[in-house]
Each structure stands twice: as structure tokens, then as C-alpha cells.
Amino acid sequence: MTQQNTTQSAPGLSAEPTDIRPFTVNIPEEALTDLRRRISIARWPGKELVQDSSQGVQEIMLQKLTRYWRPSTTGAKPRRS
């Protein structure tokens, strides 16, 4: 299981709606493995016909995201910040 912890704020301080607040994320490793598998077999549509994002997320951005999450041949996992 992958767990991400953030630092705790001092007790008694009220948080503003825009403040960064601590949280914990628990993602089963099996879910991440399945996500990486599905990303690696994704089929790409043709290149968008416009230069802006009016047709949705541009192909190049999706491919960069895919490379980030694709399993590495070195065994290194994506960094979790």
C-alpha cells in the first residue's frame, strides 16, 4: 500500500479555505499496478486539429503524463511528492 503523509499544522490554528491542509492518501499497490498496465497499452487518437486546448487535453501533454507513470525498465517508481 502506498501512503502519502503531509506535515501537521500547529493545534488551535484555524485554516483558511485556501490553506494547504494535511491529508493522508492510501492507494493499494495493486491499483497502481493496474493503472500503469492500462496506461502502457493506451491507443492514441490522431493529432488534434487546432493548436490550443479547445478540443481537450493536447496529445503531447497526455503522452508526457503517460511517460511519467509508465513502468520504468530500471525498476524505479515514479516519485511521489
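Overview of results
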| quantity | calculated |
| --- | --- |
| Residue pairs meeting the criteria (Cβ under 9 Å; at least 6 apart or on separate chains; first under 27 Å from LEU62 (Cβ atoms), in the range 14-40; second in a loop (DSSP other than H, G, I, E, B) and of a type in the set (Ser, Thr, Tyr)) | PHE23/THR6 |
| Residues located in the range 41-81, provided they are part of a helix (DSSP H, G or I) and either at pLDDT below 80 or under 11 Å from the mean Cα position of the chain (by Cα) (or both) | LEU65, THR66, TYR68, TRP69 |
| Among (1) surrounded by 11 or more Cβ atoms within 10 Å (Cβ to Cβ); (2) assigned to a strand (DSSP E or B); (3) modelled with pLDDT of 85 or more - the single one ASP34 does not satisfy | (2) |
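The values are calculated or read from the model by the stated rules, or taken from the named source; none is laboratory data. Given the structure is predicted, the values throughout are model-derived calculations rather than measurements. In this analysis, Cβ positions are derived from the backbone assuming ideal geometry, glycine residues included, and neighbour counts consider all displayed protein chains.
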